[in-house]
Amino acid sequence: MTDTPHLLLVDDERSIREPLAVYLTRQGFRVTQAGDAESARTRLAAYAIDLVILDIMMPGEDGLSLCRHIAATSDVPVILLTARSEETDRIVGLEMGADDYVVKPFSPRELSARVKVVLRRTQSGGTRQHAPESGSYAFAGWVLKSGERTLVDREGVSVPLSTGEYNLLLALVTRPRQVL
């Protein structure tokens, strides 16, 4: 694992999701895919995701509901993808917690640029906070590597962390001997 931003791409249309994942990977991102909100929730819990690209119109739970959940439970930025281009739709999406809004059809190049802008803003101390780019924090036989977003035990084995677990551990190790 490196400092490569890890994106979660959530779209029920495989014909959009898979080529876009290939394109974003070529642009230097790590991309994990999900075809629905339930799969996205599973991947959010399993991986340290830096940004979510989320389709609004999906069967089952829609993207707005998932966006609201992500905004309420984490600091992971969200870019919404949708065919809806009305001003009201954009406003609702942004009010649900999205950081940006891209209307289909869209240019993958523009989406990649928007991803970079949102990541740059959130990593440089915008409204959402991320870990420092590098640094290790040792505690009780464990090491939290913020640059890699991993937790390593005494034997050197990496322990998988959800985004929430990682953020909580980082908050605790960066404020030792403080009540939080």
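The values are calculated or read from the model by the stated rules, or taken from the named source; none is laboratory data. Since the model is a prediction, treat every value here as computed from it, not as a measurement. Reconstructed Cβ throughout: ideal geometry from the backbone, glycine too, with neighbour counts over all protein chains shown. SASA here: full protein model, heavy atoms, side chains in, ligands and nucleic acids out. Shrake-Rupley method; radii C 1.70, N 1.55, O 1.52, S 1.80 Å.
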By how many nm would the segment from Val157 to Thr73 grow when fully extended, if each residue of separation counts as 0.36 nm and the alpha-carbon distance is taken off? 27.5 nm
Return, for the Cα atoms of the chain, the radius of gyration and Dmax in Å, separated by a comma. 16.7, 54
Accessible area of the chain belonging to carbon and sulfur atoms, whole % at 1.4 Å probe: 51 percent
Just reorder Met57, Met96 by solvent-accessible area, largest first, 1.4 Å probe, all chains present. Met57, Met96
Give the accessible surface of segment 58-112 per residue, rounded to a whole number of Å², with probe radius 1.4 Å and ligands, DNA and RNA excluded. 49 Å²
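Ala45 to Ser107: extension gain in nm, 0.36 nm per residue of separation minus the Cα-Cα distance?
19.4 nm
Evaluated at 10 °C with a viscosity of 1.306 mPa s, what Stokes-Einstein diffusion coefficient in µm²/s does segment 19-101 have when Rh comes from the Kirkwood expression over alpha-carbon pairs?
Details: Rh = 13.1 Å.
In µm²/s, the coefficient is 121.
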What are the ³J(HN,Hα) couplings of segment 89-94, residue after residue, when phi is run through the Karplus curve with 6.51, -1.76, 1.60 and θ = phi - 60°? Round to Hz, x for glycine and proline. 4, 5, 5, 4, x, 5
I'd like the chymotrypsin sites (Phe, Trp or Tyr not before Pro) in segment 1-90 restricted to DSSP loop residues with at most 10 other Cβ atoms within 10 Å, sorted by number. none
Please give me, ordered by residue number, the GluC sites (Glu not before Pro) of segment 141-180 that lie in loop per DSSP and have at most 11 other Cβ atoms within 10 Å. Glu155
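Loop-only GluC sites (Glu not before Pro) in segment 67-96, please: DSSP not H, G, I, E or B, and at most 12 other Cβ atoms within 10 Å. Don't skip to the answer; put the middle values down first.
On the way: sites: Glu86, Glu87, Glu95; in loops: Glu86.
Filter output for segment 67-96: Glu86.
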With labels modelled as points extended 7 Å from the Cα through the Cβ direction, what inter-label distance (nm, one decimal) is found for Tyr23 paired with Thr4? 1.9 nm
Arg30 label point, 7 Å along Cα→Cβ, cut-off 17 Å on backbone N: hits in segment 154-176? 157-167, 170
Within the chain, what percent of beta bridges assigned by DSSP are antiparallel, to the nearest 5? 35 percent
Point-charge dipole on Cβ atoms (K/R +1, D/E -1) for the chain, about Cα centre, debye to 20: 620 debye
Using the charge dipole of the chain (Lys, Arg: +1 at Cβ; Asp, Glu: -1 at Cβ; taken about the Cα centre), state which of Cys67, Leu20, Leu168 has its Cα farthest towards the positive end. Leu168
